[in-house]
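Heads up: the structure comes next, in structure tokens.
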């Protein structure tokens with residue numbers, strides 16, 4: 001009974017053969033389906049929890065479990081270490097996602113959670129924007145031009161015909177290198193413009209925020225006149241104390257969290273009272289007719305990131321890997337033909353399958 | 001930056017080369033050291049949590065996190081599916097243990113958690129028995145003769161010169177097959193005797209209980225005269241509602257939980273009030289002089305199983321694997337030389353290390 005382990009090389013081959021555009025399209029479609037059914041009894045999504053620490057470096061390792069009843073539990077374990085890029089040449093977010101069969105407890109598969117976190121966070125913004133942003137949005141703003149900005153841009157470029165991308169990063173190197181990195185997406189006919197945070201906000205139809213702003217830092221922008229229909233995907237606020245947007249800006253917008261229970265603890269909704277918070281994204285996806293008018297006013301998707309998104313990402317990538325014959329199959333759990341002898345594997349042949 | 005994955009074959013080679021006796025001895029020694037320092041600030045051990053369900057089968061998948069400050073977080077994800085042996089030829093307990101570097105969030109290694117759970121649970125009983133049972137204990141009783149009984153027996157045989165092993169299992173097949181399974185341990189000069197639960201209890205110096213008794217079932221035994229110095233390792237009570245021992249039996253014993261906070265929710269201590277519960281095992285290990293007298297009276301180790309034990313087991317097996325050059329090194333997390341481009345791995349060489 002083996003576990004499928006996808007290596008970087010497996011995922012590399014997978015994305016090269018599937019194509020990153022089709023991968024993103026299927027991720028967006030899969031997430032949409034998941035939000036269409038979420039809230040019914042089939043999904044259990046307990047709050048994530050984790051270890052926060054300041055030594056040896058400021059960091060966080062958290063576990064994000066979800067269970068699809070009668071089928072599979074998925075757990076992402078993800079680290080957030082903002083010193084990683086500068087000090088170690090590593091991404092801020094490093095993680096893996098694992099799937100467990102709820103019939104036996106067997107670890108079915110383990111896959112990357114770094115690329116997939118970026119992929120699904122971008123896809124979630126595309127889903128929210130499809131329901132809340134103007135259909136003809138053409139100008140995308142990005143505050144925070146790091147790893148997450150690339151998949152925000154990619155996902156939104158699959159849903160909208162973007163002609164202008166305005167971007168800003170407090171880190172000059174990140175801002176300077178952004179067009180090159182975005183260039184790997186082959187977005188022909190899109191103009192890239194570095195700008196101040198204020199310029200980005202005032203000239204966007206859709207804005208994505210995805211920064212490593214510090215706890216207690218001021219909002220990314222204040223008192224900027226926005227387009228009346230601006231839709232914001234606020235992806236950076238995802239743990240206690242970390243927020244990117246001005247509370248008064250939020251109060252003048254329809255705020256749609258991915259998961260209210262989590263957003264009030266870890267998202268922009270930390271700054272709002274219950275009656276200032278709008279419906280969850282699943283409600284919006286399930287009742288699109290109620291939100292037609294919302295496309296012409298200001299809306300904020302408070303994207304804290306939920307394990308359901310990782311569950312969809314893992315199953316998408318595992319099923320594609322299976323179709324393509326990619327991945328290593330390793331028996332990790334040690335047992336033998338005699339389940340009642342822990343030392344049986346020393347004396348008996350390994351069971352097949 | 002690779003993850004070490006130990007396959008069944010790796011662990012098989014490891015145990016064959018190290019020897020299962022030395023492995024158990026080092027596990028007991030490692031656990032003893034861990035309990036000698038536990039309680040000081042270096043270890044964070046939040047309560048385990050999990051998914052309980054009754055469809056498609058009765059089961060539980062839980063995550064057990066622990067962090068050694070400034071070094072490593074360890075998470076075991078473990079399933080408990082009592083129908084596994086009979087219906088699927090699989091162990092009741094299936095699991096894997098993963099280690100994360102708290103500097104970067106990187107998944108350092110993933111190893112079996114099925115054999116290692118049995119190994120560390122046995123070792124924990126040996127540690128408790130070393131401090132609480134008579135030094136010359138010679139008669140071991142086992143109620144529940146499944147997988148866990150094998151490692152209970154093995155661990156205790158490393159600490160005590162056992163001449164008699166009395167065993168009982170409500171499942172006739174498990175009882176009948178026990179001597180054969182125990183035979184793989186090469187315990188020369190030890191007599192094996194199948195008996196009723198009552199006989200097992202009354203004739204033991206040390207008793208280990210490790211059954212899959214159902215929630216709400218009566219105690220494994222009641223009103224049995226025991227040897228005055230009987231030490232019990234109660235390993236089977238490990239989730240809400242599941243207990244093996246009679247509360248009046250517990251009240252007449254010194255009850256030492258592995259982790260009080262967890263034992264009152266998931267162990268035999270569910271049946272006791274706070275003042276009926278003795279000190280934790282770490283306290284006993286750190287203050288052996290206070291428990292010399294306890295060796296001549298009745299004691300119970302309430303072993304719910306804690307992530308600290310899995311942390312020790314994982315590090316032991318990973319360091320042995322490293323010494324022996326065993327294990328596969330796989331880069332699972334997807335990133336490239338450019339940590340700010342999630343698609344960078346499609347275009348750039350994989351970073352070394």
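Would you please state the base-10 log of I(q)/I(0) at q = 0.19, 0.31 1/Å for the stretch B:102-141, with intensities from the Debye formula using one equal scatterer on every alpha carbon?
-0.71, -1.01
If I fit a long axis through the Cα atoms of helix A:8-18 and take the longest principal axis of the Cα atoms of chain A, what angle between them do I get, 0 to 90°, rounded to 10?
Helix A:8-18 sits roughly 60 degrees off the main axis of chain A.
Below 8 Å between Cα atoms, with a sequence gap of 6+, how large is the relative contact order for the stretch B:160-272 in percent?
21 percent
Assuming a ≥ b ≥ c are the square roots of the Cα gyration tensor eigenvalues, decide whether the stretch A:11-129 counts as rounded (a/c under 1.5), prolate (otherwise, with a/b larger than b/c) or oblate.
oblate
Please pull out the direction-averaged projected area of the stretch A:39-99, using the convex hull of its alpha-carbon atoms, in nm² to one decimal place.
4.8 nm²
In degrees, nearest 10, range 0 to 90: what is the angle between the Cα axis of helix A:172-183 and the longest Cα principal axis of chain A?
Helix A:172-183 sits at roughly 70 degrees to that axis.
Along the Cα→Cβ direction, 7 angstrom out, place labels at residue A:176 and residue B:223. What is the inter-label distance in nm?
In this crude spin-label approximation the distance works out to 8.6 nm.
Using 0.36 nm per residue, how much length does the chain from residue B:49 to residue B:322 gain when fully extended, once their Cα-Cα distance is taken away?
95.2 nm
Cα axis of helix B:20-37 to longest principal axis of chain B: angle in degrees, 0 to 90, nearest 10?
90 degrees
Run the numbers on chain A and let me know its relative contact order in percent, using alpha-carbon pairs under 8 Å that are six or more apart.
For chain A, the relative contact order is 20 percent.
What length, rounded to one decimal in nm, is gained on full extension from residue B:9 through to residue B:199, with 0.36 nm per residue of separation minus their alpha-carbon distance?
Stretched out fully, the residue B:9 to residue B:199 stretch lengthens by 64.4 nm.
Separation of the stretch A:29-92 and the stretch B:17-41 by C-alpha centroid, Å?
Cα centroid of the stretch A:29-92 versus Cα centroid of the stretch B:17-41: 32 Å apart.
Shape verdict for the stretch B:235-353, please, from the Cα gyration tensor: rounded (a/c under 1.5), prolate (a/b greater than b/c) or oblate.
prolate
Calculate, in nm to one decimal, what residue A:346 and residue A:329 gain on full extension: separation in residues at 0.36 nm each, minus their alpha carbon distance.
Taking residue A:346 through residue A:329 to full extension adds about 4.1 nm, to one decimal.
Under the rule of -39500 (n - 2.57) per DSSP H run of 4 or more residues, summed and divided by the residues of the protein assembly as shown, what mean residue ellipticity at 222 nm is obtained, to the nearest 500 deg cm²/dmol?
That calculation yields -10000 deg cm²/dmol at 222 nm.
Hey, for residue B:241 with labels 7 Å out along Cα-Cβ, what do the inter-copy distances come to in nm, ordered shortest first?
Taking the point 7 Å beyond Cα along Cα→Cβ, the inter-copy spacings are 4.0 nm.
With a/c under 1.5 counting as rounded, go ahead and sort the stretch B:222-268 into rounded, prolate or oblate using the C-alpha gyration tensor (a ≥ b ≥ c being the square roots of the eigenvalues; past the cut-off, prolate if a/b is larger than b/c, else oblate).
Note, shape of the stretch B:222-268 comes out prolate.
Based on the alpha-carbon gyration tensor of the stretch B:72-121, what equivalent-ellipsoid semi-axes (square roots of 5 times the eigenvalues) come out, in whole Å, largest first?
27, 10, 7
Take the alpha-carbon centre of the stretch A:181-197, take the same for the stretch B:136-160, and report the distance between them in whole Å.
Each part reduced to its Cα centre gives a spacing of 67 Å.
Contact order normalised by length for the stretch A:1-96, with contacts defined as Cα pairs under 8 Å and 6 or more residues apart; what percent is it?
Relative CO of the stretch A:1-96 lands at 16 percent.
When the Kirkwood radius is taken over all Cα pairs of the protein assembly as shown, what Stokes-Einstein diffusion coefficient follows at 37 °C and 0.692 mPa s, in µm²/s?
123 µm²/s
State log₁₀ I(q)/I(0) for chain B at q = 0.06, 0.08 Å⁻¹ as given by the Debye formula over alpha-carbon point scatterers of equal weight, solvent excluded.
Each listed q corresponds, in turn, to -0.22, -0.39.
With each label point set 7 Å from Cα along the Cα-Cβ vector, what nm distance links residue A:71 and residue B:273?
With each label point 7 Å from Cα toward Cβ, the separation is 4.9 nm.
Quick one: of the DSSP bridges fully inside the stretch A:226-353, what percent are antiparallel, nearest 5?
0 percent
Every read-out reported here was derived from the displayed coordinates using simple, explicitly stated rules and does not represent laboratory data. These numbers come from a predicted model, not from an experiment. All Cβ positions, glycine included, derive from the backbone under ideal geometry; neighbour counts span all protein chains shown.
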